[in-house]
Amino acid sequence: MSLRTLFEAVATQPTSIAIRESIYGYPFLLTSHVVGMCLFAGLIAMMDLRLAGLGNLGTPCSEMQKRLFPWQIVGLIVSFATGLTLVYSDPMRFYGNFYFWLKNLMMLLALVNAVVFHLTTYTSVALWDSDPVPPSGARLAGVLSLALWAGIVITGRMIAYSGLVPNWWIGLKLT
Amino acid sequence: MSLLPFFQWMESLPISHAIQSAAWYSPIIQVIHLVALATFAGAVVVVDLRLMGLGLNRRPLAQVARDAHPWLVGGLVVLLITGIPQVLSLAMKQYYSPFFWWKMEGLAVATIFTFTLRRKVTLTDERRLGPLWGKVVGLVSMTLWTGVTVGARLIGLLS
């Protein structure tokens, strides 16, 4: 089964149609998505600024990680659940959307960045926990994460501008 | 006094037409607005969580607040700079949207609250603050700013 058939099949689900055709479904989901984003991306940014040595320098890195983690997860659950429901409710709007796929790619890269950082530089956190300028591996992970999450927020907003895309993408004739 | 003539004047400005007629201006302004919102929200929430005893509790409150302050002010400044052209370019839509007024009134209250009472509480000696005040101020702050964000998003969705 191709991705296109999957998206088309989801679009015919009664619950998908019901959300798509309800008046308040989309406004409710999108507004909750933004509030979840504020909590998640906002606290991720505070932690990344600390790792990059750019902000929140009075707090040790491990404390930023551990104490903000539960709230980042709350924000992530809200954003993820509402985002998934938005796609479920109107899959064909997203299937041929350049920014939707770019956003997904950047989320994947952000995840890889976080996992790699935790398996490498972060294992020695005890040695540099309170340093105002963490080691280069931590600063790189922080800056990469800031850039990727900014990109994810930007491409998320740009999904609404499905016409403002490169010509080669339009040439693929996905929609 | 009605603000209607003022909003009509804003919509008649050349810059208002320029933003509306160029395909890339609005999206560029909107994405900067959104990145600034996330930064601002992070700086607000990290202090509110500390106020409520749910975040960076091992650090002194005043230090958490001082660390977050540049990002809070910087985020708010960028939000205002990118917010003004959005009002200018669609002034009449904003004027007739109840959510626009909800957002702006909320913004005024939240801003005053943040830079007076909340600022004073975050910089006070915690032993004198007692257990209740921090929780109240943190909760009020989160509620006000969430309300502003919700109102703002609904201008474009339910107007």
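Derivation of every value follows stated rules applied to the coordinates shown; laboratory data play no part. Just so it is clear, the structure is predicted and the values come from calculations on it, not from any experiment. So basically every Cβ, Gly included, is an ideal-geometry build from the backbone, and we count neighbours across all protein chains shown.
Quick notes on this structure:
- Put in line by how crowded their Cβ is, counting other Cβ atoms within 10 Å and starting with the fewest, B:M92, A:M46 read B:M92, A:M46.
- Ordering A:S89, B:S2, B:S26, B:S12 from the fewest to the most neighbouring beta carbons within 10 Å gives B:S2, B:S12, B:S26, A:S89.
- Using alpha-carbon coordinates, inclination of helix A:25-51 to the longest axis of chain A, degrees: 20
- Angle in degrees between helix B:61-89 and the longest Cα principal axis of chain B, rounded to the nearest 10: 10
- What separates the Cα centres of segment A:85-119 and segment B:43-107 is a distance of 27 Å.
- Charge sum, other residues only, whose C-beta stays under 14 Å from A:R20's C-beta, Lys/Arg counted +1 and Asp/Glu -1: -2
- Fewest-first sequence of B:D67, A:D131, B:D125, A:D90 by Cβ atoms within 10 Å of each Cβ: B:D125, A:D131, A:D90, B:D67
- GNM top mover of A:S162, A:S22, A:S32 - chain A, alpha-carbon springs below 10 Å: A:S22
- Counting all C-alpha pairs of segment A:1-98, share separated by more than 24 Å (%): 41
- Theoretical FRET efficiency, 1/(1+(r/R0)^6), r = Cβ-Cβ of B:L129 and B:H69, R0 22 Å, to 0.05: 0.75
- Converting the Cα gyration tensor eigenvalues of segment A:3-171 into ellipsoid dimensions via √(5λ) gives semi-axes, longest first, of 35, 18, 13 Å.
- Separation of alpha-carbon centers, segment B:117-154 and segment A:1-71, rounded to whole Å: 23
- Percentage relative contact order, chain B, counting C-alpha pairs under 8 Å, at least six apart: 31
- Shape category assigned to segment B:101-159 from the gyration tensor of Cα positions, a/c cut at 1.5: prolate
- Charge dipole of segment B:4-157 (Cα centre as origin; +1 on each Lys and Arg Cβ, -1 on each Asp and Glu Cβ, all else neutral): 540 debye, rounded to the nearest 20.
- 32 Å Cα-Cα threshold exceeded, pairs from A:K66/A:K103; A:K66/B:K120; A:K103/B:K135; A:K173/B:K93; A:K103/B:K120: A:K103/B:K135; A:K173/B:K93; A:K103/B:K120
- Sum of side-chain charges, A:Y95 neighbourhood, beta-carbon under 9 Å (Lys, Arg +1; Asp, Glu -1): +1
- Label sites at A:T175 and A:T5, each approximated as a point 7 angstrom past Cα along Cα to Cβ, lie 2.5 nm apart.
- Which of B:A22, A:V165, B:A43, positive extreme of dipole for the protein assembly as shown (C-beta unit charges): B:A43
- Debye equation applied to the C-alpha atoms of the protein assembly as shown, log10 I(q)/I(0) at 0.09 Å⁻¹: -0.54
- Intensity falloff of chain B expressed as log10 I(q)/I(0), Debye formula with alpha-carbon point scatterers, at q = 0.09, 0.14, 0.21 Å⁻¹: -0.36, -0.75, -1.30
- P(r), alpha carbons of segment B:17-64 - 10 Å bins starting at zero, rounded %: 24, 30, 19, 15, 12, 1
- The angle between the Cα long axis of helix A:136-158 and the main principal axis of chain A comes to about 20°, on a 0 to 90 degree scale.
- Electrostatic tally near A:I159: other residues with Cβ closer than 15 Å to its Cβ, Lys and Arg +1, Asp and Glu -1, net +3.
- Value of relative contact order over chain A, rounded to a whole percent, pairs C-alpha under 8 Å and six or more apart: 31
- Every pair of different Cα atoms in segment B:18-104 enters the Kirkwood calculation, which places the hydrodynamic radius at 14.7 Å.
- Per residue, chain A reaches -24500 deg cm²/dmol at 222 nm when only DSSP H runs of four or more residues are counted, each adding -39500 (n - 2.57).
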